[in-house]
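J.: There's a structure below that I have some questions on.
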Amino acid sequence: MTPIYQLVDSLPADNVTVRVLRALDFVAPGQWQNPIGFENTISLVTGETDPQTVFRIRNRAIELYNDASQGYQRAIWIYQTVDNTDKALGMAAMANKVGEKVGFLSFLSKITPKADKVQTLDLSLKLIAELIAFTQTNGLPGDSIGDFVQALGAYERESLIRMSALVAFDGVIPLGDNFLNKVADILEGQTRPQDLEQNTLFQRIRGMVPGGDTMGQLGFLTQNFGAVRNWIGGLVAERGITQHSVADSLRRFVDISDDKLDFVAGFLDSSTNYYEHTGIQSVARSIIERAVSEI
């Protein structure tokens, strides 16, 4: 187990993940500041600057994270697993391509766009992963969809930017502006248990997905999407999230081509770890806030 302070201390201040998340500032203006360093994060979360107090908060937060019964470690594992699964699909093609600007044309042929059904399952499973991480962090049963939907309305900072990235990079960019209807149609009318069985992310997290057998888990997947659909739709409408707006904002940070948007999702999967990066920050914030209340 990697200590929580080491996970936070190891987060990069600037890389492709950080840049594409900054491109979503128009979705969540000023919400995400990319806090780096565990002690610095404690000060940012609590407003505390006294070294002795920061030290006491740090020690209690570490104790909470190290207690495996609390669920924080499992939440981190979920966030890491989501990105490790994505990155494994195309990391080799991305080697030596990351710099101040990322040009696409030289390696696009090595990244195959996902079929709509595969992309739909990936999006739906990432929503399930977020639900599981939320319940683990908050000590709730794994099927607490109602609590999750209610919490989404209060999401901010790292959690809000992560969900914004999910909507933009795993929904709008690969599936189009009508992605919510497309996902619903595919989940309800075209997806079978064997499709879920063949999904790499599902294979990794299936033991934590409620529903019993694969058929029941597919039903839970569909139920969870249906429950969060209105929240996602509200975010899209309120913040003006479209293929054009996301691509235009991304273009300020990475070099993308208007006629290659079907490959952009593959690039983002291969070269970023936004779930892990912001997930570590969310868990750190959660245990810091709890540590403050307990000392």
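J.: In what sequence, largest accessible area first, do 55, 134 appear using a 1.4 Å probe? Intermediate results must be reported in sequence, preceding the final value.
T.: Working: 55 120, 134 30 Å².
The ordering from most to least exposed comes out as 55, 134.
J.: When the helix-only estimate is applied to the chain (DSSP H runs of n ≥ 4, each -39,500 (n - 2.57), divided by the residue count), what is the mean residue ellipticity at 222 nm, nearest 500 deg cm²/dmol?
T.: Working: 16 runs with 189 residues, N = 295.
Value at 222 nm, helices only: -20000 deg cm²/dmol.
J.: Using only the alpha carbons of the chain, determine the length spanned along each of the three principal axes and report them from longest to shortest in whole angstroms.
T.: Ordered largest first, the chain gives principal extents of 55, 46, 36 Å.
J.: Could you tell me what percent of the accessible area of region 157-295 is made up of carbon and sulfur, with a 1.4 Å probe and every protein chain present? Don't skip to the end; give the middle numbers.
T.: Details: 2340 of 5370 Å².
Its accessible area is 43 percent carbon and sulfur atoms.
J.: Also, I was wondering about something else. If DNA, RNA and ligands are ignored and the probe is 1.4 Å, what is the ranking of 163, 208, 215 by accessible area, most exposed first?
T.: Working: 163 0, 208 55, 215 120 Å².
So the residues, ranked largest to smallest area, are 215, 208, 163.
J.: To continue, here is another question. Under a 1.4 angstrom probe, counting protein chains only, how are 218, 44 ranked by accessible area, largest first?
T.: Values: 218 15, 44 95 Å².
Ranked from most to least accessible, the order is 44, 218.
J.: Given the Cα-Cα distance of residue 50 and residue 190 and 0.36 nm per residue of separation, how much length would full extension add, in nm? Please report the intermediate quantities before stating the final value.
T.: Values: separation 140, 0.36 × 140 = 50.40 nm, distance 5.74 nm.
Length gained, residue 50 through residue 190: 44.7 nm.
J.: Okay, moving on. Keeping all protein chains in position, work out how much accessible area residue 14 exposes to a 1.4 Å probe, and write it in Å² to the nearest 10.
T.: Counting only protein heavy atoms, the figure is 90 Å².
J.: Then there's this: Mind ordering 229-241, 115-127, 27-39 by average Cβ neighbours within 10 Å, highest first?
T.: Working: 229-241: 15.4, 115-127: 21.3, 27-39: 16.9.
So the order, starting with the most tightly packed, is 115-127, 27-39, 229-241.
J.: Take the Cα atoms of region 148-295, build their convex hull, and give its volume per residue in Å³.
T.: On the way: hull volume 21.7 nm³, N = 148.
Spread over its residues, the Cα hull of region 148-295 gives 147 Å³ apiece.
J.: Using the basic label-point model (7 angstrom from Cα toward the beta carbon), what is the residue 40 to residue 213 distance in nanometres?
T.: With each label placed 7 Å out from Cα toward Cβ, I get 5.2 nm.
J.: Extending each Cα 7 Å along its Cβ direction at residue 115 and residue 2, get the distance between those two points in nm, one decimal.
T.: 3.4 nm
J.: Taking R0 as 22 Å, what's the FRET efficiency between residue 242 and residue 13 from their Cβ-Cβ distance, rounded to 0.05?
T.: Once rounded, the FRET efficiency stands at 0.15.
J.: Give the peptides 277-288, 188-199 in descending order of average Cβ contacts within 10 Å, highest first. Display every interim value, and only then the final one.
T.: On the way: 277-288: 24.2, 188-199: 13.8.
For the peptides 277-288, 188-199, the packing ranking is 277-288, 188-199.
J.: By how many nm would the segment from residue 206 to residue 149 lengthen if fully extended, with 0.36 nm per residue of separation less the alpha-carbon distance? Can you show the working numbers first?
T.: Numbers: separation 57, 0.36 × 57 = 20.52 nm, distance 2.12 nm.
That works out to 18.4 nm of additional length.
J.: Right, here's the next one. Evaluate the relative contact order of the chain (contact order divided by residue number), counting alpha-carbon pairs under 8 angstrom at least 6 apart; express in whole percent.
T.: Relative contact order, the chain: 37 percent.
The values are calculated or read from the model by the stated rules, or taken from the named source; none is laboratory data. The model shown is predicted, which means the values in this text are computed figures rather than measured ones. Glycine also receives a Cβ, built like all others from the backbone with ideal geometry; neighbour counts cover every protein chain displayed. Calculation scope for accessible area: heavy atoms of the full protein, side chains included, ligands and nucleic acids excluded. Shrake-Rupley method; radii C 1.70, N 1.55, O 1.52, S 1.80 Å.
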